[in-house]
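Visitor: Pasting in a structure now, in C-alpha cells, and then I'll have a few things to ask.
The values are calculated or read from the model by the stated rules, or taken from the named source; none is laboratory data. Here the structure is a predicted model, which is why all the values come from computation and not from measurement. For neighbour counting, all protein chains shown are included, and Cβ atoms are generated from backbone atoms with ideal geometry for every residue, glycine included.
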Amino acid sequence: MNQRADAHLDDWKAKQELAERMIPLIGQLYRDHDVVMSVHGRSLVGRSPIDIIRAHSFARKIDDVELPLEETSAIVEALATIQPGPASVDLALLANGFRAAAGDDLEAYLREVLAPAIGAEAGTGTDVVLYGFGRIGRLLARIIIDHSGSGNGLNLRAIVVRKGSENDLVKRANLLRRDSVHGPFNGTIKVLEDENAIVANGVRIQVIYSNDPASVDYTQYGIENAILVDNTGKWRDAEGLGQHLQNQGIARVLLTAPGKGDMLNVVYGVNNDQITDAQQIISAASCTTNAITPVLKVLNDEFGVKRGHVETVHSYTNDQNLIDNFHKGDRRGRSAALNMVLTETGAAKAVAKALPEFEGKLTGNAIRVPTPNVSMAVLNLQLERETTSEEINTLLQQVSLTGALRTQIDFVESAEIVSSDFVGSNRAGIVDGLATIVTEDSAVVYVWYDNEYGYSCQVVRVIEQLAGSHPAHLPALTA
C-alpha cells in the first residue's frame, strides 16, 4: 500500500476511534439528563461510529472544510464533565462558536453558552396516546420510543385501533417491527398477549380496541392528562375531534392532517408560537404544507413573494387503489402502481393558515406517482425583486446550517441524488440546490420531503411543545 493510501486509512481509523469514544458519553447524557446532541440537526443519539462520521461530513464550514471530530469530541468530553440538564445541543455550532471566540478554556465557554440548561430540572413526563396505527402512527411510535431518554419526556402509553382479526396484537407488533420503506425497528419488540400490550425497547404500550372515540376510559390504564394524537383523519373539525376529550384521561388532541374551520394548523418552526395553553385541539397540518411553508417563509422574508404555484410530485398513499377499482374520489380509483395520477391538493392554500401573508397568493396541484415514499414540491414563484440562483441557494444553505429553521430545512447539492436518498430525513423539506432556476424576479425552487418520516418528526416536535418537554436549543436558534 502506498503512503497516500496509508494516510487516508490512518485518517479514517482516527475518526473511528474518536467517534467510538464519543458514543458512551452521548448515550449517558441522553439517558440520564435528556441532552440530545446533534451536528447541524443530525442527531447523534443511538448512532454508530460511521453515522457520527457521516454527520460530520455534512457539516461544512464557510471554507468548505469538514468539521473536525477532534473539536466535537473535546466538546462531548467537556459536556460529560459539566452534566447539563435537558437541552438540544448542536456540536457544530458550539465548535464554530468556540473557534470564533478564540479562547483557550473550552469548559468555561460551554458553561456560559449552556447556562440555561445547567442545573435545569427534568420534566415529570407526559402520557401520549396514538389513535390509529397506520403509516404515521407507527412512525410516531418509533420516534417517541427512540426519544424516551430518561423517561421524563414523552411517554407512549397506548395505541387505539379497531380489532382486525383474532391475531390482531401480533400483527400490530409485526408492522411496528418491520417496515418495507423504513426498515426494521431499531431494537426489540415483545408481545404480552395476556395483557394486550406491546413492549418496545422497554416501553410498555397498551393496545386498546375501540370503534368509538368517546367511549374509552383511559384512566383505567393509568393514563392521565394525556395528549391524544389522532392519525385516522376521519374527524378534521373541532366537533368530531372533541369526542376524544369526553374520555377520562385525555387533556389535548393533535390531528395529523389539515384541520378544518378555525382550528390552529401548526407548522413547527413557523407558527408554533401561536399555541396557547387554552387550545385543546390543534392540527399539525399536512406533510406538504410542512415541507413548503418554512422554505416559503425564508424566501418571502428575504425577497418577498408576489404570487406562486406549487406543483407536488407525491408518492402514492393508502387511500389509492393498487389496481383499477371504484373510488369515491376523481382519478384515485386508477392503479397507483401503474399511473401518474393528477389530483388536487389543499397544501398551497393551507400555507396561509400558518403564514397569513400568503393568503390568496398560491395555487397548487398534485401528481401522485408510483413510488411508496418521498415526494417533491416545485415552487414556482414571482418575487418582489430580482435575484440569482446563487443568492437563493446561499441563503437557504445558510438557514439549513445555522438559522432558526435549521431543524425544518435541509439543503443538498448533488447531481446524483434521487428520491430514495431522502428516506428517513428528519427535516420537513430538503432544498435541491442544483435544481434552482432564477430568471430576474422569477424563481423555481425544488423541495424534496419524506412525506412519512419527515412529517412525523414535525408532529413529534409539536407534541413536545404541547407537553412542555421540548428541549431548549443551545446555542439558541437565530433568525
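Visitor: Pairs under 7 Å by beta carbon, first residue over 16 Å from residue 25 (Cβ atoms) and in the same structural domain as residue 90 (by TED's automatic domain parsing) in the range 37-55, partner outside any loop (DSSP other than H, G, I, E, B) and among the acidic types (Asp, Glu), six or more apart or different chains?
Guide: Listed pairs, sorted by first residue: 40/90.
Visitor: I would also like to ask the following. So how many residues does the range 83-102 have that are in a helix (DSSP H, G or I) and of a type outside the set (A, V, I, L, M, F, W, C)? Working first, answer last.
Guide: We begin by selecting, within the range 83-102, every residue in a helix (DSSP H, G or I); these are 91-101.
Keeping just the survivors that are of a type outside the set (A, V, I, L, M, F, W, C) gives 96-97, 99.
So the count comes out to 3.
Visitor: What's the number of the condition residue 277 fails, among (1) within 16 Å of residue 351 (Cα to Cα); (2) out of contact with any helix residue (DSSP H, G or I) (no Cβ under 9 Å at 6 or more places or on another chain)?
Guide: The number of the failed condition is (1).
Visitor: Still on this structure, I have one more. Go through the range 281-300 and give me each residue that's assigned by TED's automatic domain parsing to the domain that holds residue 427 and either in contact with a Lys or Arg (Cβ under 6 Å, 6 or more places away or on another chain) or free of Cβ contacts under 8 Å to residues at least 60 places away in the same chain (or both).
Guide: Answer for the range 281-300, where residues must be assigned by TED's automatic domain parsing to the domain that holds residue 427 and either in contact with a Lys or Arg (Cβ under 6 Å, 6 or more places away or on another chain) or free of Cβ contacts under 8 Å to residues at least 60 places away in the same chain (or both): just 300.
Visitor: I want to confirm something. Restricting to the range 229-251 and keeping residues that are crowded, with 17+ Cβ neighbours inside 10 Å and in a strand (DSSP E or B), which single residue is nearest to the chain's Cα centre (by Cα)?
Guide: Only one residue tops the list, namely 229.
Visitor: Identify, please: which residue in the range 163-178 is in contact with a Phe, Trp or Tyr (Cβ under 8 Å, 6 or more places away or on another chain) and modelled with pLDDT of 95 or more and is, among those, surrounded by the fewest Cβ atoms within 10 Å (Cβ to Cβ)?
Guide: Of everything passing the filter in the range 163-178, 178 is surrounded by the fewest Cβ atoms within 10 Å (Cβ to Cβ).
Visitor: Using beta carbons and a limit of 6 Å, which pairs, at least six apart or on different chains, have the first residue in the range 381-396 and exposed (fewer than 13 other Cβ atoms within 10 Å of the Cβ) and the second one among the aromatic types (Phe, Trp, Tyr) and part of a loop (DSSP other than H, G, I, E, B)?
Guide: Short answer, once both residue conditions are applied: none.
Visitor: Considering 264, 254, which residue is on the phi < 0 side of the Ramachandran plot, within 18 Å of the chain's Cα centre (by Cα) and modelled with pLDDT of 95 or more? Even if it seems obvious, please write down each step before you answer.
Guide: Working: 264 fails: within 18 Å of the chain's Cα centre (by Cα).
After applying the criteria, what remains is 254.
Visitor: Considering (1) surrounded by fewer than 21 Cβ atoms within 10 Å (Cβ to Cβ); (2) on the phi > 0 side of the Ramachandran plot; (3) touching a residue at least 12 places away in the same chain (Cβ under 8 Å), say which one residue 402 fails and leave the rest.
Guide: (2)
Visitor: Modelled with pLDDT of 95 or more, of a type in the set (Lys, Arg) and surrounded by 13 or more Cβ atoms within 10 Å (Cβ to Cβ): does that describe residue 21?
Guide: Here the answer is yes, as residue 21 does meet what is asked.
Visitor: Do you know which residues across the range 222-251 are among the small types (Gly, Ala, Ser) and either over 16 Å from residue 134 (Cβ atoms) or in contact with a strand residue (DSSP E or B) (Cβ under 6 Å, 6 or more places away or on another chain) (or both)?
Guide: 222, 226, 238, 240, 242, 249, 251
Visitor: Of the numbered conditions (1) touching a residue at least 24 places away in the same chain (Cβ under 8 Å); (2) out of contact with any strand residue (DSSP E or B) (no Cβ under 6 Å at 6 or more places or on another chain); (3) surrounded by 13 or more Cβ atoms within 10 Å (Cβ to Cβ); (4) not hydroxyl-bearing (Ser, Thr, Tyr), residue 217 satisfies every one except a single condition; which is it?
Guide: Of (1) touching a residue at least 24 places away in the same chain (Cβ under 8 Å); (2) out of contact with any strand residue (DSSP E or B) (no Cβ under 6 Å at 6 or more places or on another chain); (3) surrounded by 13 or more Cβ atoms within 10 Å (Cβ to Cβ); (4) not hydroxyl-bearing (Ser, Thr, Tyr), only one is false for residue 217: (3).
Visitor: Filter the range 284-342 for residues that are outside any helix (DSSP H, G or I), surrounded by 15 or more Cβ atoms within 10 Å (Cβ to Cβ) and of a type in the set (D, E, K, R) and give the result.
Guide: Those that are outside any helix (DSSP H, G or I), surrounded by 15 or more Cβ atoms within 10 Å (Cβ to Cβ) and of a type in the set (D, E, K, R): 311, 332, 334.
Visitor: Can you tell me how many residues in the range 348-380 are surrounded by 15 or more Cβ atoms within 10 Å (Cβ to Cβ) and part of a loop (DSSP other than H, G, I, E, B)?
Guide: Matching residues across the range 348-380 total 6.
Visitor: So how many residues does the range 183-202 have that are out of contact with any strand residue (DSSP E or B) (no Cβ under 9 Å at 6 or more places or on another chain), without any contact (Cβ under 8 Å) to a residue 24 or more places away in the chain and part of a helix (DSSP H, G or I)?
Guide: Here the count works out to 1.
Here is a yes/no grid of residues against (1) under 20 Å from residue 40 (Cα atoms); (2) small (Gly, Ala, Ser); (3) in contact with a strand residue (DSSP E or B) (Cβ under 9 Å, 6 or more places away or on another chain); (4) assigned to a helix (DSSP H, G or I):
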{"residue": "104", "(1), (2), (3), (4)": "no, no, no, no"}
{"residue": "112", "(1), (2), (3), (4)": "no, no, no, yes"}
{"residue": "121", "(1), (2), (3), (4)": "no, no, no, no"}
{"residue": "130", "(1), (2), (3), (4)": "no, no, yes, no"}
{"residue": "138", "(1), (2), (3), (4)": "no, no, yes, yes"}
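Visitor: Tally time: how many residues in the range 155-182 are more than 22 Å from residue 227 (Cβ to Cβ), touching a residue at least 40 places away in the same chain (Cβ under 8 Å) and part of a loop (DSSP other than H, G, I, E, B)? Before the answer, list the steps.
Guide: Here is the first cut: in the range 155-182, the residues more than 22 Å from residue 227 (Cβ to Cβ) are 163-171, 173-175, 177-182.
Pick out the ones that are also touching a residue at least 40 places away in the same chain (Cβ under 8 Å) and you get 163, 168, 175, 179-182.
The next check asks that each one be part of a loop (DSSP other than H, G, I, E, B); those that pass are 163, 179-182.
The qualifying residues number 5.
Visitor: Taking the range 124-157 as the search range and keeping residues that are in contact with an Asp or Glu (Cβ under 8 Å, 6 or more places away or on another chain) and among the small types (Gly, Ala, Ser), which one is surrounded by the most Cβ atoms within 10 Å (Cβ to Cβ)?
Guide: Residue satisfying both the conditions and the ranking: 153.
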